[in-house]
1. Hey, among the residues in region 93-144 that are of a type in the set (S, T, N, Q) and more than 26 Å from T160 (Cα to Cα), which one's surrounded by the most Cβ atoms within 10 Å (Cβ to Cβ)?
2. Name the residue, out of D168, D151, D204, D183, that is surrounded by fewer than 18 Cβ atoms within 10 Å (Cβ to Cβ), under 16 Å from G119 (Cα atoms) and out of contact with any strand residue (DSSP E or B) (no Cβ under 6 Å at 6 or more places or on another chain).
3. Evaluate the following for I165: is it of a type in the set (V, I, T) and in contact with a Pro (Cβ under 7 Å, 6 or more places away or on another chain)?
4. Return the residues of region 168-200 that are among the charged types (D, E, K, R) and in a loop (DSSP other than H, G, I, E, B); say none if nothing qualifies.
5. Pick from region 52-92 the residues that are hydroxyl-bearing (S, T, Y) and more than 19 Å from L135 (Cβ to Cβ): which of them is surrounded by the most Cβ atoms within 10 Å (Cβ to Cβ)?
6. Please go through region 85-122 and give me each residue that is assigned to a loop (DSSP other than H, G, I, E, B) and within 18 Å of the chain's Cα centre (by Cα), ordered by number.
7. Q57 is checked against (1) assigned to a loop (DSSP other than H, G, I, E, B); (2) modelled with pLDDT of 95 or more and fails just one. What number does that condition carry?
Amino acid sequence: MWKRVFSMKRSINPISLAIALLIVIGSVLVGVFGTRLQEREFGSLLPLGDVAETARQIQLRMQIEAIHRPAESPTPTRGDLADLVSSTIESEWRPPDLSAKGFVPILAGQAILLGNQAGIAILYERAGESTDRFLALFVTSDHGQFASFDDFGRMEPFATNRSIIERDEETDPNSSATLVFTDGDLLFLARADDVATLDEIRRDIGAP
């Protein structure tokens, strides 16, 4: 018995054994750490769906505040908005004048879309409507940390000069919707009561 075992051990090529062990060890390491490395690669990316949902919640709070504000409450001027942009995201970008489309800014302030990164939120109201119609614009710095998903459901960095429009309720053609785009330095999210309004103002806000 012992001789048989000993003779079998001697018949194993040490080089082949070493290669086999390396393959096994390599497979184990890939199995254990491969997924983590992939998660680390995308771990710093923020899914745009989460960012858009946060923007939606902020918009709702701003609309409630706007509806209940006193009629004589001051509204932000273009100078106020420029100061807000400079102090919050340190950018020379200036909020668009949408008065030609009937939208005037009524509320503005800092907004945290995700994590600790500060952005700005501006709520516009369309004058002369029988019901309250609002448009919200969110802007934050873009350092390549935002991600979208391709047609196969794979996460990928959100590309410059690309825009996405999604309804809150995909099956409702009259649903509120979000327009998202980036110029490489800033990420923009615009929310309106319908897709038609977003299409109407997209050139004014610089969307591709």
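1. As a first pass, look at region 93-144 and keep what is of a type in the set (S, T, N, Q): 99, 110, 116-117, 130-131, 140-141.
If we keep only those that are more than 26 Å from T160 (Cα to Cα) too, we end up with 99, 130-131.
Numbers: S99: 11, S130: 5, T131: 6.
Within region 93-144, the match that is surrounded by the most Cβ atoms within 10 Å (Cβ to Cβ) is S99.
2. Details: D168 fails: under 16 Å from G119 (Cα atoms); D151 fails: under 16 Å from G119 (Cα atoms); D204 fails: under 16 Å from G119 (Cα atoms).
Result of the check over D168, D151, D204, D183: D183.
3. On the way: of a type in the set (V, I, T): yes; in contact with a Pro (Cβ under 7 Å, 6 or more places away or on another chain): no.
For I165, the condition - of a type in the set (V, I, T) and in contact with a Pro (Cβ under 7 Å, 6 or more places away or on another chain) - is not met.
4. Restricting attention to region 168-200, the residues satisfying the condition of being among the charged types (D, E, K, R) are 168-170, 172, 183, 185, 191, 193-194, 199-200.
Residues satisfying the conditions are D168, E169, E170, D172, D183, D185, D193, D194.
5. Within region 52-92, the subset hydroxyl-bearing (S, T, Y) is 54, 73, 75, 77, 86-88, 91.
Among the residues that remain, those that are also more than 19 Å from L135 (Cβ to Cβ) are: 86-88, 91.
Numbers: S86: 13, S87: 11, T88: 18, S91: 14.
Among them, the one singled out is T88.
6. Step one: list which residues in region 85-122 are assigned to a loop (DSSP other than H, G, I, E, B), which gives 89-98, 102, 113-117.
I89, L113, L114, G115, N116, Q117 - these are the residues of region 85-122 that are assigned to a loop (DSSP other than H, G, I, E, B) and within 18 Å of the chain's Cα centre (by Cα).
7. Going through the list (1) assigned to a loop (DSSP other than H, G, I, E, B); (2) modelled with pLDDT of 95 or more, Q57 breaks only (1).
Listed here are the residues, each with its yes/no results for (1) touching a residue at least 60 places away in the same chain (Cβ under 8 Å); (2) touching a helix residue (DSSP H, G or I) at 6+ places or on another chain (Cβ under 6 Å).
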site: F138; (1), (2): yes, yes
site: S141; (1), (2): no, no
site: Q145; (1), (2): yes, no
site: N161; (1), (2): no, no
site: E169; (1), (2): no, no
site: T178; (1), (2): yes, yes
site: T182; (1), (2): no, no
site: L189; (1), (2): yes, yes
site: D193; (1), (2): yes, no
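The values are calculated or read from the model by the stated rules, or taken from the named source; none is laboratory data. From a predicted model like this one, the values you see are computed outputs, not experimental measurements. FYI the Cβ positions are ideal-geometry reconstructions off the backbone, even for glycines, and counts take in every protein chain you see.
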